[in-house]
Amino acid sequence: MAGLRYAAPTLALSWLRGGEIRGLRTSRLPARSRFLGIAGSLLLIGLIAVAAALLQPDSPKLSGRATATDGDSLRLSGERVRLLGIDAPEYDQVCGDRNGANWRCGEAARLLLAGELGERTTECETFGRDRYGRVLARCSAGQGDLGRTLVAAGLAVTDGDYLVEQIAARTAGRGIWAGRFDLPSDWRARHGDSQQFDLLGWLKGLFNQLTGATKLR
């Protein structure tokens with residue numbers, strides 16, 4: 001049921017914002033058809049959410065060797081995983097240090113995550129999927145929570161889950177807090193989000209998780 005809180009509302013918002021799914025623009029349809037299309041999609045979302053609530057086990061696990069794809073995402077057991085509770089600078093994002101010089105904060109975030117993953121076994125507690133089909137999860141490698149480690153190092157911001165660590169990093173001027181930086185969400189808004197919502201991919205991921213095709217432990 002945890003996935004219901006994340007996947008269904010996000011899917012609905014993806015329909016309402018922009019109206020584009022795999023090349024279909026609802027804004028080009030007549031108003032009545034557009035309304036019926038949106039209403040039908042929301043009904044479908046509701047049915048999927050009910051099925052997920054009834055059939056999906058709470059917080060399934062992922063376990064194994066993982067690789068970092070950026071500062072807050074990784075690949076594990078054939079799945080793309082997005083760390084919950086944090087937002088790291090994008091890989092191409094540049095920040096300023098205390099002397100005003102630029103440094104590649106996004107690359108630094110991914111390097112830290114990759115170092116934490118290393119050769120260790122990564123354990124993730126999952127909470128559904130986001131609109132890009134990625135598994136949402138809290139993960140640890142060795143003895144450390146990965147989200148907490150990134151925020152404490154000043155290489156990610158938090159939505160409140162790791163507020164104590166963020167306050168400490170900001171006070172100490174660690175990582176991005178040493179100088180000027182853009183919030184990752186603001187940087188993506190200005191530079192464009194390269195990922196697009198994929199309805200078929202999302203449904204495939206949900207089907208795999210419900211039927212056990214996803215490699216869950």
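Observations
- Of all residue pairs spaced 6 or more apart or on separate chains, those with beta-carbon atoms under 8 Å, a first member in region 99-118 that is over 13 Å from Gly154 (Cα atoms) and a second member that is in a helix (DSSP H, G or I) are Glu116/Leu146; Glu116/Thr149; Leu117/Leu146.
- Looking across region 85-95 at every residue that is part of a loop (DSSP other than H, G, I, E, B) and open to solvent by less than 70 Å² (accessible area, probe 1.4 Å), the one that is nearest to Gly128 (Cα to Cα) is identified as Gly85.
- For region 122-162, filtered to residues that are without any contact (Cβ under 8 Å) to a residue 40 or more places away in the chain and in a loop (DSSP other than H, G, I, E, B), the residue that is surrounded by the fewest Cβ atoms within 10 Å (Cβ to Cβ) is Gln143.
- Just one residue in the set Arg82, Arg98 is among the charged types (D, E, K, R) and assigned to a loop (DSSP other than H, G, I, E, B); that residue is Arg98.
- Taking (1) charged (D, E, K, R); (2) at pLDDT 95 or above; (3) open to solvent by 70 Å² or more (accessible area, probe 1.4 Å) in turn, Glu119 satisfies each apart from (2).
- Taken as a whole, region 36-49 holds at least one residue that is in contact with a Leu (Cβ under 6 Å, 6 or more places away or on another chain), more than 26 Å from Tyr162 (Cα to Cα), modelled with pLDDT under 95 and open to solvent by less than 40 Å² (accessible area, probe 1.4 Å).
- None of Arg98, Arg110, Arg104 is basic (Lys, Arg) and either surrounded by 18 or more Cβ atoms within 10 Å (Cβ to Cβ) or touching a Lys or Arg at 6+ places or on another chain (Cβ under 9 Å) (or both) except Arg110.
The values are calculated or read from the model by the stated rules, or taken from the named source; none is laboratory data. Bear in mind the structure is a predicted one, so any value in this text is a computation, not a measurement. Virtual Cβ from ideal backbone geometry, glycine too; neighbours counted across all protein chains shown. Only protein heavy atoms, including side chains, enter the accessible area calculation; ligands, DNA and RNA are left aside. Shrake-Rupley method; radii C 1.70, N 1.55, O 1.52, S 1.80 Å.
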